[in-house]
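Worksheet: one structure, shown below.
The values are calculated or read from the model by the stated rules, or taken from the named source; none is laboratory data. Note that the coordinates shown come from a computational prediction; the quantities given were computed from them, not determined experimentally. We place every Cβ from the backbone using ideal geometry, glycine too, and count neighbours over all the protein chains shown. These area figures cover heavy atoms from the full protein model, side chains too; ligands, DNA and RNA do not enter into them. Shrake-Rupley method; radii C 1.70, N 1.55, O 1.52, S 1.80 Å.
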Amino acid sequence: MSRPRLTIGTYGEITTRRRPSGLVEARTRYRDWDGLARLVQASAETAAAATRALKAKLAERNLLAPTAGTLAPDSPFPDLVEYWLEDIDLEGRLATATRQLYERDMRTLVLPAFAGLTLREIGVARCDQFLKQLAKQSYAKAKHARVVLRLALALAVRHEVLPRNPVDHVSRLHRPARTPDALTPAEVNAIRAAIAYWEAGRSASGPKPDGQLGAIVEVMLGTSARIGEVLAIRRRDIDITAAPPSIRIAGTIVSHRGEPTTRQDHPKTAKSRRTVAIPSFTAEAVRRRLAKLEDPSLDALLFCSREGTPLTTNNVRRQLRHVMDLAGITGVTPHMFRRTVATAISAQAGVDLAAELLGHTDTKITIQHYIRRNEMVNPATAEMLERAFAKDEL
């Protein structure tokens with residue numbers, strides 16, 4: 001009768017023998033995850049110690065299943081990174097910008113700390129320490145590093161190279177308390193004045209004005225749209241004759257590495273596609289821009305280069321920084337106008353309308369990241385306290 005076949009992940013009878021060197025060798029046959037039975041052995045001073053060493057070796061072998069691909073528990077971490085990036089490309093589900101962001105975060109934040117390690121050497125303690133040290137520098141960097149490290153190690157788990165994902169068990173990252181910053185009406189008007197001064201050609205340094213930055217700011221203030229969404233507005237998206245006039249936000253500008261800047265036919269999220277009624281100051285800026293457009297087609301971009309191609313968001317940011325430096329104003333970014341709009345709408349009509357205008361599905365995002373808290377307590381408290389504690393007339 002033939003010997004029963006070992007179940008995958010189990011071993012047979014352990015035998016021991018003394019080697020010429022004087023050490024005792026324990027050995028057995030172990031059936032690996034590929035179905036083949038292999039001889040596994042360990043040596044020690046005594047038979048009991050050799051048996052213990054062999055069982056420890058078998059336990060470790062049982063936890064780490066070999067993969068059918070090129071990765072193994074002893075593979076260097078950079079090999080997993082390349083394998084992970086290839087797997088992302090194979091699935092083809094990520095937007096190009098997201099894929100490039102993942103690769104950048106992996107190569108700049110994670111690889112410098114893990115390049116010299118094998119996969120089996122990356123445990124919970126090491127990941128936890130790495131993320132905490134990075135969080136001291138920047139919460140955002142630590143958050144991005146955690147995302148890509150977890151995704152790469154998850155691939156190793158799915159391919160049975162690692163038994164678990166250590167990033168799933170690290171301690172939580174704590175976001176530092178931060179109040180969203182928004183501009184006051186006086187600051188908005190100071191920025192308008194600085195842009196008008198620059199566009200009038202009164203500044204001799206820096207990039208030459210093309211007359212579009214002021215209108216771009218007015219559209220951001222009148223729609224709450226992201227800078228990429230504003231630059232993607234076409235003639236067909238504008239209804240300037242309606243009462244009130246409106247703009248449809250239906251795309252965004254994308255700039256992928258090594259590729260020309262293009263208009264993407266959808267904004268950041270599905271709910272970000274929306275039609276926004278615009279105030280008179282925005283409508284006037286749009287009318288002036290439309291009058292200057294040479295391309296009469298409906299797909300002509302409201303803001304574009306002299307050749308009619310899309311403007312890059314980086315170019316607009318660079319122009320805005322230059323103008324703000326000239327005016328001595330610090331900290332102004334295109335996204336600050338979006339927070340400014342959210343704060344103004346929330347103060348007058350509540351957070352629900354502010355979230356709707358921004359295209360958010362969850363008001364928590366609007367509150368946490370976009371609305372500056374009003375520190376002024378309701379002045380009705382003064383009247384109440386006056387009634388309660390007014391001094392008696394002598």
Picking from P73, P20, the residue that is out of contact with any His (no Cβ under 9 Å at 6 or more places or on another chain), open to solvent by less than 60 Å² (accessible area, probe 1.4 Å), at pLDDT 85 or above and part of a loop (DSSP other than H, G, I, E, B) would be P73
Restricting attention to segment 244-286, report how many residues are in a loop (DSSP other than H, G, I, E, B), at pLDDT 90 or above and open to solvent by less than 30 Å² (accessible area, probe 1.4 Å). 4
Any residue at all in segment 260-278 that is under 14 Å from V219 (Cα atoms) and free of Cβ contacts under 8 Å to residues at least 12 places away in the same chain? no
Return only the number of the condition from (1) touching a residue at least 60 places away in the same chain (Cβ under 8 Å); (2) in a helix (DSSP H, G or I) that N314 does not satisfy. (1)
Filtering segment 360-386 down to residues that are under 28 Å from the mean Cα position of the chain (by Cα) and part of a helix (DSSP H, G or I), which residue is modelled with the highest pLDDT? T363
So which of V81, V40, V110 is assigned to a strand (DSSP E or B) and open to solvent by less than 30 Å² (accessible area, probe 1.4 Å)? V40
Is it the case that some residue within segment 342-359 is in contact (Cβ under 8 Å) with a residue 40 or more places away in the chain and outside any helix (DSSP H, G or I)? yes
Being in contact with a Lys or Arg (Cβ under 9 Å, 6 or more places away or on another chain) and either surrounded by 15 or more Cβ atoms within 10 Å (Cβ to Cβ) or within 23 Å of D265 (Cβ to Cβ) (or both) is the filter here; which residues of segment 314-345 pass it? V332, P334, H335, R338, R339, T340, A342, T343
If you scan segment 346-380, which residues turn out to be among the hydroxyl-bearing types (S, T, Y) and open to solvent by 60 Å² or more (accessible area, probe 1.4 Å)? T361
Restrict the check to segment 151-165 and report whether at least one residue is acidic (D, E) and part of a loop (DSSP other than H, G, I, E, B). yes
Filter result for A48 (in contact with a strand residue (DSSP E or B) (Cβ under 6 Å, 6 or more places away or on another chain) and not basic (K, R)): no
